[in-house]
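A.B. asks: Take a look at the following structure, please.
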Amino acid sequence: MVPVLGRPYLEYQVKWLSSQDITSILILTGYLGDKIKSYFGDGSSFGVTITYSQEPLPLGTAGSLKLAESMLEPYFALIYGDSFLPIGFAKLKEFFLRENKLGVVVVYDNYSYDTGVLNNIQLDRSGFILRYEKNSRSPDLNFVEAGVMVFKKEITDFIPGNKSVSLEEDVFPLLINRKELMGYISKQPFYDIGTKERLRYFEEVIRSNNFLSLGNK
């Protein structure tokens, strides 16, 4: 709900999804999640349908998925709420269905535009993710995870219930060991709002562009 030019940051994500014909949205909420629900409601005013899964206690990026297990579709896109990646979801879906793996992570190489987030993924020439390692400067890490993923619902079989579980640190290694996690390379950078400087930059991006035409790559 961080304001960006008078609108919550999340609203830009919702509008982008709507522009990509993704109209069924499940928002995983935690502390003060009622503020999000109060603003977006059922999503009808934004041209989408929104449902919610509220964490009673912090469950981590994977634990929140496990909590919402009964609400998930057979496959679904997972988007982090603190970064914005304007890509074409039709091509991502096509790649996911063709590769037929449990998970696909959208990655960016930080080359044309430095996102300010360190590379954390090692990708081989076949597109398989070999390693995920946060806060490392290892030269083997040649891409950065861009905040958008697609999974089969079966991923929840790898997540224990009723505890805090990290998707990146606890679940990714299990999928990597089974060669069930692939990378989808995006030419479009993502915009992270993890610092005040990055938030101000995103404001400039929105101010100077029609955000609905930012990417689609």
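The values are calculated or read from the model by the stated rules, or taken from the named source; none is laboratory data. Only a predicted model underlies this, so the values are computations on that prediction, with no experimental measurement involved. Ideal geometry is used to build each Cβ from the backbone, glycine not excepted, and the neighbour counts take in all protein chains shown. In case anyone asks, the SASA skips ligands and DNA or RNA and just uses the protein heavy atoms, side chains included. Shrake-Rupley method; radii C 1.70, N 1.55, O 1.52, S 1.80 Å.
A.B. asks: Would you mind listing how long region 1-117 runs along its three principal axes, going by Cα atoms, in whole Å with the largest first?
C.D. replies: 36, 36, 28
A.B. asks: In debye, nearest 20, what is the charge dipole magnitude of region 1-42 about its Cα centre with +1 on Lys and Arg Cβ and -1 on Asp and Glu Cβ, if you could check? Provide the component values of the computation, followed by the final result.
C.D. replies: On the way: 4 positive and 4 negative charges, 26 e Å.
Computed about the Cα centre, the dipole is about 120 debye.
A.B. asks: Additional query: Once you treat every alpha carbon in the chain as an equal point and sum by Debye, what is log10 I(q)/I(0) at q = 0.16 Å⁻¹?
C.D. replies: -1.22
A.B. asks: Quick check: net charge around residue 115, other residues with Cβ under 11 Å of its Cβ, Lys/Arg +1 and Asp/Glu -1? Can you show the working numbers first?
C.D. replies: Details: positive: 198; negative: 109, 114, 145, 192.
Once all neighbours under 11 Å are counted, the net charge is -3.
A.B. asks: Could the peptides 129-135, 202-208 be put in order, highest first, of the mean number of other beta-carbon atoms found within 10 Å of their residues?
C.D. replies: Working: 129-135: 16.0, 202-208: 14.1.
Descending mean neighbour count gives 129-135, 202-208.
A.B. asks: Please compare each pair in 66/187; 37/187; 163/187; 101/163; 37/179; 35/91 to a cut-off of 29 Å on the Cα-Cα distance and tell me which ones are over it. Numbers along the way, then the final one.
C.D. replies: On the way: 66/187 31 Å; 37/187 33 Å; 163/187 36 Å; 101/163 26 Å; 37/179 37 Å; 35/91 33 Å.
With Cα atoms farther than 29 Å apart: 66/187; 37/187; 163/187; 37/179; 35/91.
A.B. asks: When ligands, DNA and RNA are left out and all protein chains stay put, how many square angstrom of accessible area per residue does the chain have with a 1.4 Å probe? Write out the running numbers ahead of the final one.
C.D. replies: Numbers: 11440 Å² over 217 residues.
Roughly 53 Å² per residue, with all protein chains present.
A.B. asks: Grab the other residues whose beta carbon is less than 15 angstrom from that of residue 55, score K and R as +1, D and E as -1, and report the net.
C.D. replies: Working: positive: 35, 37, 66, 163; negative: 34, 69.
Local charge sum for residue 55: +2.
A.B. asks: Quick one: grab Rg to one decimal and Dmax as a whole number for region 87-156, Cα atoms only, in Å.
C.D. replies: Both quantities, over Cα of region 87-156: 12.6, 35 Å.
A.B. asks: Pop out the carbon and sulfur fraction of the accessible area of the chain as a percent, whole number, probe 1.4 Å. Could the numbers behind the result be given before it?
C.D. replies: On the way: 5600 of 11440 Å².
Of all accessible area on the chain, carbon and sulfur atoms account for 49 percent.
A.B. asks: With charges set only on the Cβ (+1 for Lys and Arg, -1 for Asp and Glu), what does the dipole of region 33-150 come to about its Cα centre, in debye to the nearest 20?
C.D. replies: Value, rounded to 20: 120 debye.
A.B. asks: With a sphere of radius 13 Å drawn around the Cβ of residue 129, what net charge do the other residues whose Cβ falls strictly inside it have (Lys, Arg +1; Asp, Glu -1)?
C.D. replies: That works out to -2.
A.B. asks: Further question: Treat region 6-58 as a sphere of radius equal to its Kirkwood radius over Cα pairs and apply Stokes-Einstein at 25 °C in a medium of 0.890 mPa s; give the translational diffusion coefficient in µm²/s, rounded to a whole number.
C.D. replies: Working: Rh = 11.4 Å.
Diffusion coefficient, whole number: 215 µm²/s.
A.B. asks: In square angstrom, rounded to the nearest 10, how much accessible surface does residue 124 have for a 1.4 Å probe?
C.D. replies: Looks like 40 Å² after rounding.
A.B. asks: Now, a different point. With +1 on each Lys and Arg Cβ and -1 on each Asp and Glu Cβ, and nothing else charged, work out how big the dipole of the chain is about its Cα centre, in Debye to the nearest 20.
C.D. replies: Working: 24 positive and 26 negative charges, 56 e Å.
Dipole of the chain, to the nearest 20 debye: 260 debye.
A.B. asks: Keeping all protein chains in the complex and leaving out DNA, RNA and ligands, what accessible area do you get for residue 51 with a 1.4 Å probe, in Å² to the nearest 10?
C.D. replies: Approximately 60 Å² for this residue.
A.B. asks: Here is a follow-up. Restrict the search to region 1-94; then list the chymotrypsin sites (Phe, Trp or Tyr not before Pro) that DSSP places in a loop and that have at most 16 other Cβ atoms within 10 Å of their Cβ. Can you show the working numbers first?
C.D. replies: Details: sites: 9, 12, 16, 31, 39, 40, 46, 52, 75, 76, 80, 84, 89; in loops: 31, 80.
Those satisfying the criteria are 31.
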